[in-house]
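The values are calculated or read from the model by the stated rules, or taken from the named source; none is laboratory data. Just so you know, these numbers come straight off a predicted model, no measurement behind them. Ideal geometry is used to build each Cβ from the backbone, glycine not excepted, and the neighbour counts take in all protein chains shown.
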Amino acid sequence: MIPQINIENFDKIFNGAVTRYGKLTYHDKQTGAKDCVEIKEPIPMGLHLEGTSYLGRSPVNEKTKMCEWIGIDIDLYLKAEDICKNIFEKIGTQYFCFMTLNKKWRVLEFLDTPIHVEEAYKRAKQLQDHVRDTLGIEIDEKATVPTVPGEEGACGRWFFLPYGNGHDTCYSPNGSKLTLQQFIFRYKYRNHPIVVSGVGIGGGGADGSRGNHLYYLQLYKKHFECDVSLEEMNYQYGVPLDDRKFASEEKHILKSVEKDNYNKEYYLNGQPGWIEATCGIKPCLDAKSFVAITGAILDNHIYAQSRKDFFEIDTRQFKDKEQINDWWRHTKPKDDTGKTATMSSVLLGNDKLIRVRSYLTHAGLNPGVVKITKGIVKGMKSGDYLNIYEDPQVEPNKDIPWKRFDEYYSWALGPDNWMIEKQRLAFQLRAKDEMNYMGIKIQWFSIWHSKVQGVGKGLFAQFCQSMFGYRNVAPNVKFKQMIGTHTTIIEGKQIIFLNEVVLENNTAKTKALSNEFKDLITEPSLWINPKFKNEIEVPNLCNFYVHSNSDTPLYIEGDDRRAFVVNIKHTKQSVNFMLNDEGYKEDILKVIADPSGFKWHLLNEIEYDRKMFFEDAPFTQDKEELIQSNKGDFIQEMEERFQNEEFPFGDLQEYKGYGMNKEIHIDYTYNGMCSSLDLKKVLKKAEEFKEIYFQLADITNFLKAKNTKWENGEDTRQAVLPNGRKKRVYNMHPVLPDGTFLIDKTEGELGELYVKKVVVPF
């Protein structure tokens, strides 16, 4: 007894003529001769499937002239495994092979939407020619359906339907007979090659192949709309896995496929091989299948004009044209004319490909494609942009413990310093909802340094990753990576931790590198230079922490406005006691694992004035100490001597030194003016500076910091010596002992005064 649901489903599959059908009246098994009659009544499908009558139907609805399936006859005796393999491997995965009443073969294609009979006729002819030319076999062209009906109300040629009295059975790609239920199942999922390949497999000790196929299917379901369950698929195998085996496989599969690297691209790239592993036949990804693949790729990629690359949504990585072409070369992409092309050209030629001007990382805007208007993001022109910010999805929860985490960092940094850091964190969390501060770009950065390692700097970076999103935070970036020629680290980052920063103290290079970094704090946009790419302008929305175990991690000048400095001065013993003996490290790790409690604290219990994040960095005594350390021995010595009016800023003195292999004397009198080069010559021969390292740049920087600008606003002024030579001098003491002012002197007068008072006999 055939279930009524199967009869109804079968009738829908072979939807066609509604007022007439064909009936077999005679069949000679020896010769294949048969007679039939056309009956002008609705087809009794139940009688056909139960074997009472052997019936045929035209795919043409005689009233609407629409068709939902087409078919061709291969008038040859062929082995099932041969014909089915060739169709699946060379023609397409969506075609169905049936053995006819006379043991020959029929190939059908079921259409996704009804089409007019004339279009269906052309399509059937194309299939006919394609099979003949590709496989090199003859087609019975007289049996191809549909034909174009001539008279009104006619439906043209008809086929005997499968599964009538055990005849016309559908076969799997590897040549196995399918039951009626398996055929109906395969029809339902005909556009899913991985499902089609699995129908009817099993047996022969192939538990592994069935288990592997379930894994492939679940991976497919992860990225594509397909409502088949693993349990339902298992029942469509030739020999299903038993309940115990299936339950074990299902549990393992559901856990395994959730790995991040098992993305859409990973599946599509592996699909041909996995289908082949399932049924033993490599599938033909024909035009229809390729359209599906192309659609999936389009859904997963966005083209960024600024860098001429594709952004892959699953992996959050940019891929250039060459990478796209190499990865998808096996799919044999086709252009609009059907000719083989590169995947990148196919994508770029498709008007459905999403295109953007450039990209940014913006916590205040929705992830994905956003429309930027003038002024909404500093440094960005109007247009469509890709926001690659990824919401961490951490929901605040006041019931999750956090106070021990708070206690430790309050102890480590000091309560006042830790409060400032909490205010900073709170602002970054809240600013996304405050439209006036959408950029979330704080105008200063934090420096945490300590001589002791393991005080919790790295743990804090991990915490920020957990709360703000692992993709949005870079926890361990080297200084050279940040300021390198081809750096792209800032791409896709909301917070960057520069870790273990140690720069050589008191050199021009150190100062230049430090200033280059500090430009990152204030510039509204930055030009990055990906290797082998043109420079790209991106909005600068990144905030920075500098972590170091050095006393002088960066060169900080006395007038610095951008650095918030915290020197963690606890001993190794006290840190170890707090983290391990008192158990704070364990509590910190718990907050890292689940930051929702501390997030609630930041959002609900921390108050701040927004202006603090756009003004000078909060000043600390630790910062003053770092400034003094950055000065080095030379600058500190020079400042003390300048303040006390001691050499080289004092009266006439005699100094001994050696030059030109003989003892010499240096007569030097400070007169309120200095030339950096002459001052260097004096200091190099002075016993007081013999053990102090310095360079000309250090002298120049000191003179610039202490000098009074001349009337023209410049740091230096030209003094013309009596011999016509010129020197650039700094105005260190504007008022001369006689009450006159250096600023009132002419260039010639300055030159005469300089020669009269300064004698440097080198």
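Observations on the model:
- All helices (runs of 4 or more DSSP H) inside the range 567-656 with 3 or more residues being modelled with pLDDT under 90: 621-644
- Among the residues making up the range 90-123, a single one is in contact with a helix residue (DSSP H, G or I) (Cβ under 8 Å, 6 or more places away or on another chain) and farther than 29 Å from residue 79 by Cβ: 115.
- Verdict on residue 703 being at pLDDT 85 or above, surrounded by 13 or more Cβ atoms within 10 Å (Cβ to Cβ) and in contact with a Ser or Thr (Cβ under 7 Å, 6 or more places away or on another chain): yes
- For residue 607: the one exception among (1) surrounded by 13 or more Cβ atoms within 10 Å (Cβ to Cβ); (2) touching a helix residue (DSSP H, G or I) at 6+ places or on another chain (Cβ under 9 Å): (1)
- The set of residues in the range 57-69 being under 15 Å from residue 162 (Cβ atoms) and within 50 Å of the chain's Cα centre (by Cα) consists of 59, 69.
- Sole exception among (1) at pLDDT below 75; (2) touching a helix residue (DSSP H, G or I) at 6+ places or on another chain (Cβ under 6 Å); (3) hydrophobic (A, V, I, L, M, F, W, C) for residue 556, by number: (1)
- Residues that are buried (at least 18 other Cβ atoms within 10 Å of the Cβ) and under 25 Å from residue 313 (Cα atoms) were ranked within the range 236-261; the one that is nearest to the chain's Cα centre (by Cα) is 257.
- Meets criteria (over 23 Å from residue 569 (Cα atoms), at pLDDT 70 or above and part of a loop (DSSP other than H, G, I, E, B)) for residue 490: yes
- Any chance residue 54 is more than 14 Å from residue 155 (Cβ to Cβ), free of Cβ contacts under 8 Å to residues at least 24 places away in the same chain, touching a strand residue (DSSP E or B) at 6+ places or on another chain (Cβ under 7 Å) and of a type outside the set (S, T, N, Q): no
- Test for residue 46: is it at pLDDT 90 or above, more than 17 Å from residue 103 (Cα to Cα) and within 60 Å of the chain's Cα centre (by Cα): yes
- Among residues of the range 360-382 that are over 13 Å from residue 441 (Cβ atoms), those with a beta-carbon under 6 Å from a residue that is among the hydroxyl-bearing types (Ser, Thr, Tyr) and in a strand (DSSP E or B) at least six positions away or on a different chain give the pairs 370/385; 372/385.
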